[in-house]
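The values are calculated or read from the model by the stated rules, or taken from the named source; none is laboratory data. Predicted model only: the values in this text are computed from it and were never measured. A quick note on method: Cβ atoms are made from the backbone with ideal geometry, for glycine too, and the neighbour counts reach across all protein chains shown. Remember, those area values only see protein heavy atoms, side chains included, never the ligands or the DNA or RNA. Shrake-Rupley method; radii C 1.70, N 1.55, O 1.52, S 1.80 Å.
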Amino acid sequence: MAPVTNPATGVVTGQVALASVDDARRVIDAAAAAFPAWRDTSLTKRTQVLFRFRELLNERKGELAEIITSEHGKVVSDALGEVSRGQEVVEFACGIPHLLKGGYTENASTKVDVYSLRQPLGPVGIISPFNFPAMVPMWFFPIAIACGNTVVLKPSEKDPSASLWIANLWKEAGLPAGVFNVLHGDKTAVDELLTNPKIKSVSFVGSTPIAQYVYATGTAAGKRVQALGGAKNHAVILPDADLDLAADAMVNAGFGSAGERCMAISAAVAVGPIADDLVAKIAERAATITTGDGTTDADMGPLVTAAHRDKVAGYIDAGETAGAKVVLDGRQVTPNGQADGFWLGPTLLDNVTPDMSVYTDEIFGPVLSVLRVDTYDQALELINSNPYGNGTAIFTNDGGAARRFQNEVEVGMVGINVPIPVPMAYYSFGGWKASLFGDSHAHGIDGVNFFTRQKAITARWLDPSSRATGGINLGFPTN
Ligand code: NAD
């Protein structure tokens, strides 16, 4: 058992059971038993279930958002936002009959046709992080299920309840038992998913060291694996940028969801003479952010655990000691809520240099660092030499500069005057370098490819007249 805590109050609100190997095997067996019937269920019936799930989710997403806020801490509007982004993947998956269509070539050779099919893999594993307990699983399971797979979801033990609510919704939507399964647990459950031969693929999202471990272990066991890791996202602000737009964007992207987003902007790279103005504009806006219980009208909630809050505050201490200027100090925040919550307010650090731990490490909290460089090339070099490559953004009014950046930057998702360039469901989500291990991104066509195997069929059918007139004898009986 592990405790589940409300981060805004510090109160333990529940206990989550952590699966043993036997527990995990029982869940995997249930997914394996449900697979043959689900893979043979017609596309019409499968999509009917998906459409019902989408309608129920749309009607009742407020319930899910409240659950997310109570265990993760993010404000309800952010929680609703995450459910809506997940719902977009459900909507994408509703179009699965079109997405699964194969190719057909008539008469590739005389009376020989060639065609291709996409077939499901079998039971698939999904392992998700604490920061998006609804959206991240929804990057994967709607498409996996639509393709005819069965799913075992291992959510984060820090906020496990959203996944159970989702499982009940599937039941209401008419999904047969065993097609969508929730496996609560820790490393024991993860290791069973990675090594059990009945699991055919693993989709992981979490920190880079665990992503690397999951990729290495899962592929060594012969599985298809996509493992999305951590991030350190930069925004470059060029001297010709609209500084008000850029400052608004830095505040939203740096402090939204208390910075616990893999697409959060953590480093604002100010190019040339605009740095003082930019820092002043960000500081002015960030100072108005209220920190408090996510169920109130606060702008920003607490961090997920006391340990995480302390870790993030430690990075601020280290940055200050190393010479960064603390322009806005979240360690001093007075929360709108209970004193025992895991509070840390928005923090703005200026004059951060690439050697400081506040820059080198993924912080995953409401801390925005400003780095000052003289040229575009220095900004690009900073980003491209960073080990992570999840998201980035450039702020400029020069289309040529933006176009050059999108071409030269070694990052998987790029925003142009857009701070958090999360792709729509019909594109694919994924970073480069230490932000993703594997070759498939999440959702979009990558998702359909990941959750299906292709089969190419070469067929020769003789028409009856040619057989009757003594055509080629293929060895089949003629009547
Ligand atoms: P985490 O790596 O601690 O946990 C992720 C999952 O792995 C959880 O289900 C957890 O139970 C499991 N896990 C933890 N330790 C394990 C171990 N030793 N062996 C096997 N399994 C283990 O990540 P987190 O703290 O829950 O989430 C935050 C991290 O996720 C950040 O690094 C963030 O950048 C990353 N993230 C990345 C993306 C992306 O798209 N690249 C999206 C969201 C979050």
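A few remarks follow.
- Hits in segment 225-256 - residues which are in a helix (DSSP H, G or I) and of a type in the set (S, T, N, Q): N252
- The one condition from (1) in contact with a strand residue (DSSP E or B) (Cβ under 8 Å, 6 or more places away or on another chain); (2) under 25 Å from V11 (Cβ atoms); (3) away from the ligand (no atom under 15 Å from the Cβ) that P160 does not meet is (3).
- Within segment 358-370, none of the residues are part of a loop (DSSP other than H, G, I, E, B), hydroxyl-bearing (S, T, Y) and in contact (Cβ under 8 Å) with a residue 12 or more places away in the chain.
- Residue count, segment 166-224 (criterion: open to solvent by 80 Å² or more (accessible area, probe 1.4 Å), assigned to a helix (DSSP H, G or I) and away from the ligand (no atom under 16 Å from the Cβ)): 3
- Of all the criteria given as (1) touching a strand residue (DSSP E or B) at 6+ places or on another chain (Cβ under 6 Å); (2) surrounded by fewer than 23 Cβ atoms within 10 Å (Cβ to Cβ), the one not satisfied by L99 is (1).
- Some residue of segment 95-107 being assigned to a helix (DSSP H, G or I) and without any contact (Cβ under 8 Å) to a residue 40 or more places away in the chain: yes
- Candidates A339, A283, A307, A270, filtered to the one that is within 21 Å of G10 (Cβ to Cβ), outside any loop (DSSP other than H, G, I, E, B) and among the small types (G, A, S): A307
- Against the numbered list (1) under 26 Å from T13 (Cβ atoms); (2) within 16 Å of the ligand (Cβ to nearest atom); (3) not in a loop (DSSP other than H, G, I, E, B), I143 comes up short only at (1).
- Each residue in segment 426-453 was checked for being within 11 Å of the ligand (Cβ to nearest atom), among the hydrophobic types (A, V, I, L, M, F, W, C) and in contact with a Leu (Cβ under 6 Å, 6 or more places away or on another chain), and 1 of them qualify.
- Residue count for segment 153-165, restricted to those that are part of a helix (DSSP H, G or I) and either surrounded by 23 or more Cβ atoms within 10 Å (Cβ to Cβ) or free of Cβ contacts under 8 Å to residues at least 24 places away in the same chain (or both): 3
- Condition check for A108: within 22 Å of the chain's Cα centre (by Cα), more than 15 Å from the ligand (Cβ to nearest atom) and assigned by TED's automatic domain parsing to the domain that holds F451: no
- For segment 64-94, a residue qualifies if it is open to solvent by 10 Å² or more (accessible area, probe 1.4 Å), over 22 Å from T305 (Cβ atoms) and either of a type in the set (A, V, I, L, M, F, W, C) or not in a helix (DSSP H, G or I) (or both), and the qualifying residues are L80, F92, C94.
- Filtered by the rule that a residue be hydrophobic (A, V, I, L, M, F, W, C) and touching a Gly at 6+ places or on another chain (Cβ under 6 Å), segment 39-55 gives a lone residue, V49.
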